[in-house]
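Notes for the one structure printed next.
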Amino acid sequence: NSTIVVVGGGLAGAKAVEALRDKGFRGQLTLLAGEDLLPYERPPLSKDYLQKGEGLDDATVHAREWYSDNDVDLRLGVRATELDLADRVVTTSAGEELSYDALLLATGAQPRHLDLPGADLDGVLSLRTVSDSDDLREAFRADRDIVIVGGGWIGLETAAAASNAGAKVTVLESLELPLLKVLGPKLAQVFADLHREHGVDLRTGVQVEGFEGTGDVTGVRLAGGEVIPADAVVVGVGAAPDVSLAQGAGLEVDDGIVTDAEGRTSDPNVFAVGDVARFTHPDYPEPIRVEHWANALDHPAAVAAAMLGQDATWDELPYFYTDQYDLGMEYVGLADPDDEVLIRGDLGKREFIAFWLQDGKVVAGMNVNVWDVVDDVKALICSGKQVDRARLADPDVPLDAL
Ligand code: FAD
């Protein structure tokens with residue numbers, strides 16, 4: 001009659017307890033969830049929920065009854081504060097000591113903060129939780145000056161939401177283009193154009209030096225002295241894996257908790273999954289950390305299987321999506337921004353599939369306002385074959401005929 005403790009009540013933690021029960025685990029199962037809300041999915045927090053303030057029920061992973069029906073001891077608002085690997089005990093913020101036979105760390109990630117003067121002023125915001133999203137919605141009002149620091153996915157989705165709310169939006173990006181390190185110059189330009197066409201003042205190659213104001217933020221100061229007026233600021237400069245518990249326990253950590261292909265950490269009784277894990281993937285030479293919804297949704301089932309000693313193959317390619325204004329996109333695979341890029345479709349109309357190639361083989365694909373192609377793109381990547389560039393770029397050649 002063994003005991004499993006899952007730490008972290010995000011999507012990955014909730015899917016893990018589901019998978020453990022589905023796969024036949026009948027022992028004691030506890031989910032320590034640091035937030036007060038039932039585990040929920042985060043993508044709507046920068047999209048529909050941010051803009052409309054509704055739809056949170058749809059984002060809830062399981063209804064409250066699901067946990068009692070499945071005999072999962074869900075502890076909302078309770079954090080794991082210490083982990084003793086030798087005695088297999090986890091201490092909680094409620095002062096309990098829980099013994100485990102196997103433990104899963106699904107502690108996710110936290111927004112990176114800027115260590116700059118004024119960063120703790122009121123109105124300097126970041127986005128990870130439902131209450132953060134509520135704060136942003138409150139700030140995004142018509143004619144308000146909203147400054148977004150960082151032109152990554154969260155920064156750009158947030159800019160779209162603020163712009164849709166009628167705010168005057170400035171995005172500050174230190175590189176020459178937003179998303180440059182993810183997409184490379186050609187595709188990053190598509191997103192830059194999209195935001196500028198929607199009235200966003202996108203300023204690239206700028207360095208933020210601090211935030212102005214007393215009590216409330218009133219502006220963002222750039223290197224060189226210029227101050228951009230701000231009624232609110234959103235700092236969207238990426239997220240850092242929440243490795244504090246793992247690190248304190250002495251588990252191997254390297255920008256994420258390092259695991260093998262089955263999700264096992266440097267301690268054989270402890271596993272990790274979701275945004276916090278850096279795992280071995282059969283298709284990539286180095287372990288990868290995937291900070292995306294689909295990975296938190298599906299990977300826990302494989303790791304749960306490994307925890308139960310069952311077959312635990314996991315070779316899904318990283319997958320990501322975004323919605324900004326009328327642009328919807330999906331990205332699958334993993335590319336280097338310097339890789340060769342081929343376009344099938346119309347870049348100007350923002351209806352295309354972009355392919356990234358290494359040594360003539362497709363390593364990633366991004367479909368923009370073109371749908372139902374992800375499985376074909378995945379198959380192309382997995383085939384590992386040399387592609388004919390002209391045929392790849394030709395929309396009349398079916399993807400499955402390449
Ligand atoms: P998290 O969601 O971070 O959950 C971890 C949970 O563990 C948190 O609730 C935390 O409080 C809790 N926790 C941490 N430490 C402890 C502890 N010691 N004890 C107890 N509990 C603890 N991905 C996409 O693919 N597409 C998108 O469009 C997209 N949009 C996003 C929009 C936003 C605003 C955000 C923030 C993320 C978005 N993502 C998107 C990423 C996606 O949401 C994450 O990949 C996913 O949330 C990861 O789930 P997780 O369970 O691993 O971690």
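Please tell me if Thr322 is touching a helix residue (DSSP H, G or I) at 6+ places or on another chain (Cβ under 8 Å), farther than 30 Å from Asn164 by Cα, among the hydroxyl-bearing types (Ser, Thr, Tyr) and in contact (Cβ under 8 Å) with a residue 24 or more places away in the chain. It is false that Thr322 is touching a helix residue (DSSP H, G or I) at 6+ places or on another chain (Cβ under 8 Å), farther than 30 Å from Asn164 by Cα, among the hydroxyl-bearing types (Ser, Thr, Tyr) and in contact (Cβ under 8 Å) with a residue 24 or more places away in the chain. Would you point out the residue of region 41-55, among those that are within 13 Å of the ligand (Cβ to nearest atom) and part of a helix (DSSP H, G or I), that is nearest to Phe320 (Cα to Cα)? Among those that are within 13 Å of the ligand (Cβ to nearest atom) and part of a helix (DSSP H, G or I), it is Pro43. Ile148 meets each of the listed conditions (1) within 16 Å of Gln51 (Cβ to Cβ); (2) surrounded by fewer than 23 Cβ atoms within 10 Å (Cβ to Cβ); (3) in contact with a strand residue (DSSP E or B) (Cβ under 9 Å, 6 or more places away or on another chain) apart from (2).
Residues that are part of a strand (DSSP E or B) and near the ligand (Cβ under 8 Å from one of its atoms) within region 1-34 comprise Val7, Leu32, Ala33, listed in sequence order.
Yes/no matrix, rows are residues, columns are (1) closer than 30 Å to Asp122 by Cα; (2) surrounded by fewer than 16 Cβ atoms within 10 Å (Cβ to Cβ); (3) in contact (Cβ under 8 Å) with a residue 12 or more places away in the chain:
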position	(1), (2), (3)
Leu202	yes, no, yes
Glu212	yes, no, yes
Gly215	yes, yes, yes
Thr218	yes, no, yes
Arg221	yes, no, yes
Ala272	no, no, yes
His281	no, no, yes
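Selection of region 74-89 for residues being more than 15 Å from Leu29 (Cβ to Cβ) and outside any strand (DSSP E or B) yields Gly77, Arg79, Leu85, Ala86, Asp87, Arg88. Filter region 69-82 for residues that are near the ligand (Cβ under 9 Å from one of its atoms) and hydrophobic (A, V, I, L, M, F, W, C) and give the result. Once the filter is applied, which keeps residues that are near the ligand (Cβ under 9 Å from one of its atoms) and hydrophobic (A, V, I, L, M, F, W, C), region 69-82 yields Val78, Ala80. Elements of the type helices (runs of 4 or more DSSP H) sitting completely within region 90-202 and holding at least 1 residues that are within 16 Å of the ligand (Cβ to nearest atom) and in contact with a Lys or Arg (Cβ under 8 Å, 6 or more places away or on another chain): these cover 153-164, 185-197.
If you go through region 229-242 and pick out every residue that is surrounded by fewer than 22 Cβ atoms within 10 Å (Cβ to Cβ) and among the aliphatic types (A, V, I, L, M), you end up with 3.
For region 294-319, the set of residues classified as over 30 Å from Ser2 (Cα atoms) and either touching a residue at least 60 places away in the same chain (Cβ under 8 Å) or away from the ligand (no atom under 16 Å from the Cβ) (or both) consists of Leu317 only. Does Leu37 qualify as being over 18 Å from the mean Cα position of the chain (by Cα), within 8 Å of the ligand (Cβ to nearest atom) and either among the hydrophobic types (A, V, I, L, M, F, W, C) or surrounded by fewer than 17 Cβ atoms within 10 Å (Cβ to Cβ) (or both)? So Leu37 fails the test. Restricting attention to region 231-253, the residues that are within 10 Å of the ligand (Cβ to nearest atom) and either without any contact (Cβ under 8 Å) to a residue 40 or more places away in the chain or under 24 Å from Leu45 (Cβ atoms) (or both) add up to 7.
Residue check: Asp275 meets all listed conditions (1) touching a Phe, Trp or Tyr at 6+ places or on another chain (Cβ under 8 Å); (2) within 12 Å of the ligand (Cβ to nearest atom) but one, namely (1). When Ala261, Ala277 are checked against the criterion of being surrounded by fewer than 21 Cβ atoms within 10 Å (Cβ to Cβ) and either within 11 Å of Gly108 (Cα to Cα) or not charged (D, E, K, R) (or both), Ala261 stands alone in meeting it. Determine if region 68-88 includes at least one residue that is surrounded by fewer than 21 Cβ atoms within 10 Å (Cβ to Cβ) and closer than 30 Å to Gly210 by Cα. There is no residue in region 68-88 that is surrounded by fewer than 21 Cβ atoms within 10 Å (Cβ to Cβ) and closer than 30 Å to Gly210 by Cα.
The number of residues in region 247-283 being of a type in the set (D, E, K, R), part of a strand (DSSP E or B) and within 20 Å of Tyr100 (Cα to Cα) comes to 1.
None of the figures in this text is laboratory data; all of them are computed from the coordinates on show. Note that the coordinates shown come from a computational prediction; the quantities given were computed from them, not determined experimentally. Every residue, glycine among them, receives a Cβ derived from its backbone with ideal geometry; neighbour counts consider all protein chains shown.
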